[in-house]
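The values are calculated or read from the model by the stated rules, or taken from the named source; none is laboratory data. Just so you know, these numbers come straight off a predicted model, no measurement behind them. All Cβ positions, even for glycine, are placed from backbone atoms using ideal geometry, and neighbour counts span all protein chains on display. Side chains are part of the model used for accessible areas, which takes the heavy atoms of the whole protein and leaves out ligands, DNA and RNA. Shrake-Rupley method; radii C 1.70, N 1.55, O 1.52, S 1.80 Å.
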Amino acid sequence: MKTILLILAGALALALPARAQVVGPVGHGELPSCPDSGGNHLNYVSATGVFSCGTTGGVPALANGTVLGNASGATAPAAALTPAQLTALVQPFTAGLPGAVPASGGGTAHFLRADGTWAAPPEGGGGAVGAHRYWAIGNMIATTRTQPPSMAECYLAATVGGASQIPVASTSTDSYSGAPPSDLYDGNNGTIWGSNNYSPPPFVVFDYGVPVGAAQISVTSRNDATWYVQTPQLFDLWFSDDDVTFRKLGTFNIGAFTSALQTKTIPLPTTL
């Protein structure tokens, strides 16, 4: 009879519901029961006997577009990454692997090469020249080759035979005192722009304020009987949208100047 009663008492003890038992830290070899889970399949029960979610005690609600990660350089809890941190974690793209595109440096003239670098298109790459805010005349060589270039006027026109376009500003790599590049478009043949040296050849950059096309260029020689031979006969033309990256339109020979106040005009290519 005692044996039967002990067996029944043990069976009743095993049949008690788990929620009637105390849950908490347990020693080695003990078998605790589990509390109610709350029904979330993401939760787990820790050694404290409390269900929780995530290694740091729960993942909070995330704002739209948030990415959790670790950009600290060491082991650390996950945190929301900034766009800069997320970009830094992405490898640059290579010939064999996809990845992030390197910074372009701005402007509209460069293109992304397959080796992961930005570069200016090669000359003669095709396409229309188009309109651009900055135009430059450079590598100027005077009719008398060993004279520093100078001239009275210089204008671009958007169409052949069209009106001269007037810059809003200009700069030069070399100008002598009293002969600024703004004199090239002041409408006064009595003033000049002049450089101090012929080597290296000077550059003049015209800022038109807005993009303009260039279908022809006109150059007027100096108003004196001696130094008109300093007027450039050979020159390069360049264009830019940011005054930083310039693309060469071409090298042009407008012809030798044989007298003072002589104006020469040549058409310019409209395709590269």
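Distances between placed amide hydrogens fall under 5 Å for residue 212 paired with 132, 133, all partners being 5 or more residues away or on another chain. Here the gap between residue 91 and residue 189, fully extended at 0.36 nm per residue and compared with their Cα-Cα distance, gives a gain of 29.4 nm.
A Förster distance of 25 Å, applied to the separation of the beta-carbon atoms of residue 70 and residue 113, puts the FRET efficiency at 0.15. Derived scalar couplings between HN and Hα for segment 189-195 equal 6, x, 9, 9, 9, x, 10 Hz in order, rounded to whole Hz, by the Karplus curve 6.51 cos²θ - 1.76 cosθ + 1.60 (θ = phi - 60°), x for Gly and Pro. Here the spin labels are modelled as points 7 Å beyond Cα on the Cα-Cβ line, and at residue 251 and residue 147 they lie 2.2 nm apart. Applying the Karplus relation 6.51 cos²θ - 1.76 cosθ + 1.60 with θ = phi - 60° to segment 210-227 yields 3J(HN,Hα) values of 9, x, 9, x, 9, 9, 7, 10, 10, 10, 10, 6, 5, 8, 7, 7, 10, 9 Hz, where x marks Gly and Pro. Per residue, the accessible area of segment 109-262 comes to 44 Å² when a 1.4 Å probe rolls over the protein heavy atoms. Peptides 77-90, 178-191 ranked from most to least packed give 178-191, 77-90, packing being the mean of other C-beta atoms within 10 angstrom over each peptide's residues. If a/c stays under 1.5 just call it rounded; otherwise compare a/b with b/c (prolate if a/b is bigger, oblate if not). Do that for segment 87-232, with a ≥ b ≥ c from the square roots of the Cα gyration tensor eigenvalues. Because a/c hits 1.5 or more and a/b exceeds b/c, segment 87-232 counts as prolate. Highest-first packing order for the peptide set 227-238, 95-106 is 227-238, 95-106, based on the mean count of other beta carbon atoms within 10 Å.
Summarising the amide proton neighbourhood of residue 142: residues at separation of 5 or more, or on other chains, whose placed amide H is nearer than 5 Å comprise 147, 233.
Karplus-based coupling profile of segment 145-151, in residue order and whole Hz: 4, 9, 9, x, x, 7, 6, with θ = phi - 60° in 6.51 cos²θ - 1.76 cosθ + 1.60 and x standing for Gly or Pro.
For segment 158-270, the relative contact order is 25 percent, taking Cα pairs closer than 8 Å that sit 6 or more residues apart in sequence and dividing their mean separation by the residue count. For segment 180-257, the fraction of 1.4 Å probe accessible surface lying on carbon and sulfur atoms is 51 percent.
Packing order of peptides 130-141, 254-265, highest average first: 130-141, 254-265 (average count of other Cβ atoms within 10 Å over each peptide's residues).
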